[in-house]
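In what follows, a single structure is set out as structure tokens and then discussed.
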Amino acid sequence: MKTKITNEQRTLVHELLNRGQDRQTIAEMVSLTPGQVSAIAAHRTIHNKRSQLENRLTRALPKQITTTIPSTSDKILLGSADIGHVFWDPRSSVNPHVLIVGESGFGKTYTTSCLIAELAHRNIPSIIFDYGQGFTPESSNPVFANEARPLQLEVGRKGVAISPFEVFDGDAHGPLSVAQRIADTLVRVYQNLGVQQHATIRQAVIDVLEDAGIYSKLPSTWHKPMPRFGLLHKKLTENAQDPLNADRKTPRTAASHISSLFLFDIFRNNGVSLQWDELLQPKRRSTVIQLRGLEQNLQRATTEFLLWNLLAYLESSGPQSLRCFVVIDEAHRIPTGNGSAVERLLREGRKFGLGILLASQQPEDFTSIAFSNTATKLVFQVSDEKSQVAKQLYKKLKTPLSFLQLYKTITTLDRGCAFALTHNTGNVIRVASFNERFRFAASEAE
Ligand SMILES: Nc1ncnc2c1ncn2[C@@H]1O[C@H](COP(=O)(O)OP(=O)(O)OP(=O)(O)O)[C@@H](O)[C@H]1O
Ligand SMILES: [Mg+2]
């Protein structure tokens, strides 16, 4: 039976390995399983030898697969296919973004966690937006916790100390640009809002900023302390009650549609502090922005405002090589269409060193922008009634596969298997499990 390895056994194993003994013999001599001996052997050099990592991958996958392991450990193993291992190389790719789609229970969150852990292992930290239970300490895989060491930020519960009123360096028109961004974001999120409410919200933002002495015509005022975000709601309510206002209905309906945003007072000075420069340090590994328990529109609005804030930070830092990933599992929680923050990230993130990973059950949750701006796609089993996924994949596919074969493939995949599209080549892969990826580190941690 497999028992915990003692320090004494570990030392003996190292000595016997140094003498060139084979693992079976060592296992018998030290009363361990051959697997435990292998774990110790591999762990000896796990952090300093690139070739060891590649050997590890070779041993971890089925024996019948014989393919050349790439010489750079920047390549991340996605899984094994008939032709050999399939890798993802976000660092050298012009487009590092990933789209994952598939029905419930087929492996989206699991695979996403594996990729976050792999990125963390390569000093690329991730900012994970969590809306459910996917990345809480209780729910996440121990290997994920060990590799990605996620910092949990309880933004949903404690609020966050950023202000949607902030004027970013790229805001050419100062408060006017801010007002436009806030109105656009709210109309995207709260789908009952129309053009009139958009105009009324935009004007209310301008008025609140002016009340705080921040004027579009006076750039010297743009970086004064921001007023409370709650004042936007107050302004709309005042406008709705103003007897001199001919149209009181528009501010009233605008205020009532977006009231949840203010009820929970998410954007507040005493909320969780988001220091992007710290969170994007390679040693940080990963950060979970926890939004569980919030009403869906509030999750969406919060995510959008945080993404705008992150984008502004990245833009102000200038062009960079790949330095971080934004992960949105359950991407139906966040708008991805025209003008959205996700769309901006997909189009321009790479320039500023940011990759994005989006996962969702429903293909309809992804706009054509999301499909066409993600070079790597992992499709788990989908019912694909409208053939939307098959069509999107087929457009990119250079592998000789008929449309019908492709459709049949993606609608009948086993759990844990995905159709992986990378470099316009498609393969059915069995996604490598955590143990296959980090077998040795995990057994050491036991
Ligand atoms: N490649 C894999 N290797 C080993 N186990 C896996 C793999 N993929 C998935 N699993 C197992 O399947 C379970 C369900 O997978 P997961 O939670 O990732 O599904 P999902 O697609 O995210 O579902 P939902 O849409 O409901 O969130 C996981 O808890 C995990 O145990
Ligand atoms: Mg999931």
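Summary table
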quantity	calculated
Positive-end extreme of charge dipole, the chain - chosen from Pro34, Leu274, Val167 (charges on Cβ)	Pro34
Spatially proximal lysines relative to Lys377 (Cα-Cα < 25 Å; intrachain offsets below 8 disregarded)	Lys75, Lys108, Lys351, Lys386, Lys391, Lys395, Lys396, Lys398, Lys408
Bins of 10 Å from zero: percent of alpha-carbon pairs in the range 1-44	32, 64, 4
Antiparallel content of DSSP bridges confined to the chain, in %, to 5	35
Environment charge of Tyr215, counting only residues whose C-beta is closer than 14 Å and scoring Lys/Arg +1, Asp/Glu -1	-2
Within a Gaussian network of the chain (alpha carbon springs, distance under 10 Å), most fluctuating of Val272, Val431, Val37	Val37
Size descriptor, Kirkwood hydrodynamic radius, that averages inverse alpha-carbon separations across the range 175-263, Å	13.2
Cβ crowding within 10 Å averaged over residues, with 188-200, 294-306 ranked highest first	294-306, 188-200
All Cα pairs of the chain, percent lying beyond 44 Å	22
Summed residue charge, Cβ within 13 Å of Trp88's Cβ, Lys/Arg positive, Asp/Glu negative	+2
Alpha carbon convex hull of the range 315-446, volume per residue in cubic angstrom	147
Proximal lysines relative to Lys224, as straight alpha-carbon distance under 28 Å, when same-chain residues fewer than 8 apart are discounted	Lys158, Lys234, Lys235
At most 16 other Cβ within 10 Å, DSSP loop - trypsin sites (Lys or Arg not before Pro), the range 334-387	Lys386
Selected from Pro251, Pro282, Pro225 as most flexible by GNM, with the chain as the system and alpha-carbon contacts under 10 Å	Pro225
Phi-based couplings in Hz for the range 289-300 (Karplus 6.51, -1.76, 1.60; Gly and Pro marked x)	8, 8, 10, 5, x, 7, 5, 4, 5, 5, 4, 5
Amide H contacts of Gly355 (H built 1.01 Å from N, under 5 Å, at least 5 apart or other chain)	Arg323, Cys324, Phe325, Val326
GNM flexibility winner over the chain from Ala246, Ala204, Ala42 (Cα, springs under 10 Å)	Ala246
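Values quoted throughout were computed directly from the atomic coordinates according to the rules given, and no laboratory measurement underlies them. All values derive from a computational prediction rather than experimental measurement. Counting neighbours? That spans all protein chains shown, and the Cβs are built from the backbone with ideal geometry, glycine included.
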